[in-house]
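Single-structure report; data block below.
The values are calculated or read from the model by the stated rules, or taken from the named source; none is laboratory data. Note that this is a predicted model, so its numbers are computed, not measured. Here the Cβ positions follow ideal geometry from the backbone for every residue, glycine too, while neighbour counts run over all protein chains shown.
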Amino acid sequence: MIEMDVADPKSVEAALKGRVFDTVINNAGTTASLPALEHGPAEIDAIIDTNLKGAFHVARIAAKAMIDAGRGGCIVNVASFLGTRVASHVSAYAASKEGLIQLTRSLALEWARHGIRVNAICPGYIETDLNREFFATDAGQALIKRVPQRRLGHDPLAAPPRTGGLR
């Protein structure tokens with residue numbers, strides 16, 4: 001893992017300079033759970049800059065290094081199932097993830113001739129520090145009950161998953 005501010009192209013360039021990777025995974029993301037009318041420009045910019053533009057910066061710089069080195073590779077963008085369906089209070093997030101899905105398609109087409117595969121995965125609800133408090137609420141528990149597995153996904157490197165008697 002390489003740390004950088006994906007929303008800052010200079011940070012991305014500095015972090016990736018002189019490196020060529022076989023596989024790059026764009027997994028940076030942020031959200032704000034607010035009604036659309038309450039999203040201010042700062043929240044919208046932070047979400048789009050991280051989730052969409054950040055992935056574009058990383059993919060572009062990584063692909064250029066792959067092409068310059070004369071080899072292919074794989075870029076995986078972590079989108080979200082909310083990029084393929086709608087939910088309230090996450091309009092900027094959903095738009096950024098749908099944009100990431102379309103960006104993935106475009107880059108896959110453009111870079112295929114260089115042997116670079118670009119794919120997106122669209123996971124469902126994953127418990128993270130960004131949403132843990134919500135999933136502890138009655139509304140969050142009700143949402144979990146609508147998930148076919150009756151549970152959330154979790155990051156194996158993060159806090160242990162929430163367990164309970166959801167049936």
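At-a-glance table
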quantity	calculated
Of all residues making up the stretch 28-49, the number that are assigned to a loop (DSSP other than H, G, I, E, B), among the hydrophobic types (A, V, I, L, M, F, W, C) and more than 21 Å from ALA120 (Cβ to Cβ)	2
Leading residue by the ranking (nearest to ILE25 (Cα to Cα)) among those in the stretch 86-120 that are surrounded by 14 or more Cβ atoms within 10 Å (Cβ to Cβ) and β-branched (Val, Ile, Thr)	VAL118
Residue that is modelled with the lowest pLDDT, among those in the stretch 122-137 that are surrounded by 14 or more Cβ atoms within 10 Å (Cβ to Cβ) and under 28 Å from ARG60 (Cβ atoms)	LEU130
Filtered residue count, the stretch 1-10, keeping only those that are assigned to a helix (DSSP H, G or I) and loosely packed, with under 12 Cβ neighbours inside 10 Å	1
Matching option when the condition is within 26 Å of ILE47 (Cα to Cα), outside the structural domain of ILE48 (by TED's automatic domain parsing) and surrounded by 14 or more Cβ atoms within 10 Å (Cβ to Cβ), among GLY83, GLY140	GLY140
Per-region count, the stretch 11-26, residues surrounded by 11 or more Cβ atoms within 10 Å (Cβ to Cβ) and over 16 Å from GLY73 (Cα atoms)	5
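Per-residue answers, yes or no, for (1) touching a residue at least 40 places away in the same chain (Cβ under 8 Å); (2) under 20 Å from THR23 (Cβ atoms); (3) small (Gly, Ala, Ser); (4) not in a helix (DSSP H, G or I):
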{"residue": "VAL58", "(1), (2), (3), (4)": "yes, yes, no, no"}
{"residue": "ALA65", "(1), (2), (3), (4)": "yes, yes, yes, no"}
{"residue": "LYS97", "(1), (2), (3), (4)": "yes, no, no, no"}
{"residue": "LEU100", "(1), (2), (3), (4)": "yes, yes, no, no"}
{"residue": "LEU107", "(1), (2), (3), (4)": "yes, yes, no, no"}
{"residue": "ARG113", "(1), (2), (3), (4)": "no, yes, no, no"}
{"residue": "VAL118", "(1), (2), (3), (4)": "yes, yes, no, yes"}
{"residue": "GLU133", "(1), (2), (3), (4)": "no, no, no, no"}
{"residue": "GLN141", "(1), (2), (3), (4)": "no, no, no, no"}
